[in-house]
1. Take T249 and tell me if it is among the β-branched types (V, I, T), closer than 26 Å to L150 by Cα, part of a loop (DSSP other than H, G, I, E, B) and in contact with a strand residue (DSSP E or B) (Cβ under 8 Å, 6 or more places away or on another chain).
2. If the requirement is being among the basic types (K, R) and either surrounded by 16 or more Cβ atoms within 10 Å (Cβ to Cβ) or part of a helix (DSSP H, G or I) (or both), which of these qualifies: R182, R127, R111?
3. Can you find even one residue in the range 141-161 that is open to solvent by less than 30 Å² (accessible area, probe 1.4 Å), closer than 21 Å to L386 by Cβ, hydrophobic (A, V, I, L, M, F, W, C) and out of contact with any Lys or Arg (no Cβ under 9 Å at 6 or more places or on another chain)?
4. Looking at L2, L19, which is the one that is open to solvent by 20 Å² or more (accessible area, probe 1.4 Å), over 27 Å from G250 (Cβ atoms) and in contact (Cβ under 8 Å) with a residue 40 or more places away in the chain?
5. How many of the residues making up the range 271-317 are surrounded by fewer than 19 Cβ atoms within 10 Å (Cβ to Cβ), charged (D, E, K, R) and either closer than 16 Å to F241 by Cα or free of Cβ contacts under 8 Å to residues at least 24 places away in the same chain (or both)?
6. Which residues, counting only those in the range 350-375, are of a type in the set (A, V, I, L, M) and either under 19 Å from Y179 (Cα atoms) or free of Cβ contacts under 8 Å to residues at least 24 places away in the same chain (or both)?
7. Quickly run through the range 363-394 and pick out the residues that are open to solvent by 50 Å² or more (accessible area, probe 1.4 Å) and touching a helix residue (DSSP H, G or I) at 6+ places or on another chain (Cβ under 8 Å).
8. Of the residues that sit in the range 323-359 and are open to solvent by 50 Å² or more (accessible area, probe 1.4 Å) and among the charged types (D, E, K, R), which one is farthest from I3 (Cα to Cα)?
Amino acid sequence: MLILGLMSGTSLDGVDCALTSVTGSPPNLAVELKAFRCRPYTDAQRRRLAFVCGSEQAGVADVCELNVLTANWFADAVHSTLSEVDVDASDIDLIASHGQTIHHAVTVAGREPATLQIGDPSVLAQRTGITTVGNFRPADVAAGGQGAPLVSYVDWLLHRSPVEARVLVNLGGIANLTYLPRNAGLDDVLACDTGPGNMLIDRFVERMTEGKSKWDQDGNIARQGAVDEDWLCELLADPFFRLPPPKSTGREQYGQALADALWSQAGDRGLAAADRVATITALTSRSIAGAVCDLLPGTVDRVWLSGGGVHNDTLVAWLQADLADIPVGPLAEDRSELNAKEAVAFTVLAHETLHGRPGNLPRCTGANRATVLGQLAPGRNFRKLLQAVELAAT
């Protein structure tokens, strides 16, 4: 199957589009990345998304409209990507759309566990003509899970090893890891969010540059600063870091509100701007290293990195230092493969959804059972697609 995966994460930087070929079935499923493009959001689009994600003033009309607008932005990204790689929409079997998470509150006391991704799959299917699978997370939440991390099943399918115990860390806005012991079976996999990835760093850089920069290019700012170890120790006392898997988090805990509060704290401590960025970068590194060293039940032979944060040379170097003798390196040599990992993962999950197979690992999300994920929006190719699936099953 030729599947186009769409991913827009907590950093709100744009839409990742990964065109993949998915063949076989679990446990012998193979994925080939055919093409990858990232479609950055405009400043206006980013502001609208940030308003709905982080403002108590956003109303139901704002969310409702942006649900459709985001899907239209995704559809535009699909059309431009396919045009650039010279692939016709009629050749695509399926779109896998993670959507844009605007609220993820699955462990709030006194509240019903809930997660919400916008970017209506029906709009995507109508705009492109391609059958679309979206809204992956709610099924896991409905089964008692935290709806994250969902990539752990795909990590097991594609990256397990009979001779090496691996930790796969994705450095997105929020950082998450998957632990794959040597010769791991499904019941051996552990996964969790570790806390902030790029999100706090990005906001600190925005504050430092008054909006002129949105990330620390190559980690240059952090490299020039000095880590305030006393303040870092206070930050690492956050109880979330000590919680065992399964656990998940999001911008509700580590978003702009916290970043702005911490920026002010750093000012009260008299820290220079570069020292603030250095300390908050060290927080990401130390919290990941702490999860690897303290929360996992067995040995770790290697740590593989992916996601946007892998291009922050300072963060990667500090993580290697914090993990001492455990080798740390990129999951792939190709930059596109590093950036595409989560979009690729959702193409696999959509493939499994279409074939009626579960896509979550209860041990990783906390769900009470494995379940088929996602909601399906038929496109013009829907009947043909069902016939192909039925034929393959026979």
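The values are calculated or read from the model by the stated rules, or taken from the named source; none is laboratory data. Keep in mind the model is a prediction, meaning the values are calculated, not measured. Here the Cβ is made from the backbone with ideal geometry for all residues, glycine too, and neighbour counts use every protein chain on show. These area figures cover heavy atoms from the full protein model, side chains too; ligands, DNA and RNA do not enter into them. Shrake-Rupley method; radii C 1.70, N 1.55, O 1.52, S 1.80 Å.
1. It is true that T249 is among the β-branched types (V, I, T), closer than 26 Å to L150 by Cα, part of a loop (DSSP other than H, G, I, E, B) and in contact with a strand residue (DSSP E or B) (Cβ under 8 Å, 6 or more places away or on another chain).
2. R127
3. no
4. Of L2, L19, the one residue that is open to solvent by 20 Å² or more (accessible area, probe 1.4 Å), over 27 Å from G250 (Cβ atoms) and in contact (Cβ under 8 Å) with a residue 40 or more places away in the chain is L2.
5. Final tally of qualifying residues: 1.
6. Once the filter is applied, which keeps residues that are of a type in the set (A, V, I, L, M) and either under 19 Å from Y179 (Cα atoms) or free of Cβ contacts under 8 Å to residues at least 24 places away in the same chain (or both), the range 350-375 yields L361, A367, A370.
7. Within the range 363-394, R363, N368, R369, A370, V372, Q375, L376, P378 meet the criteria.
8. D325
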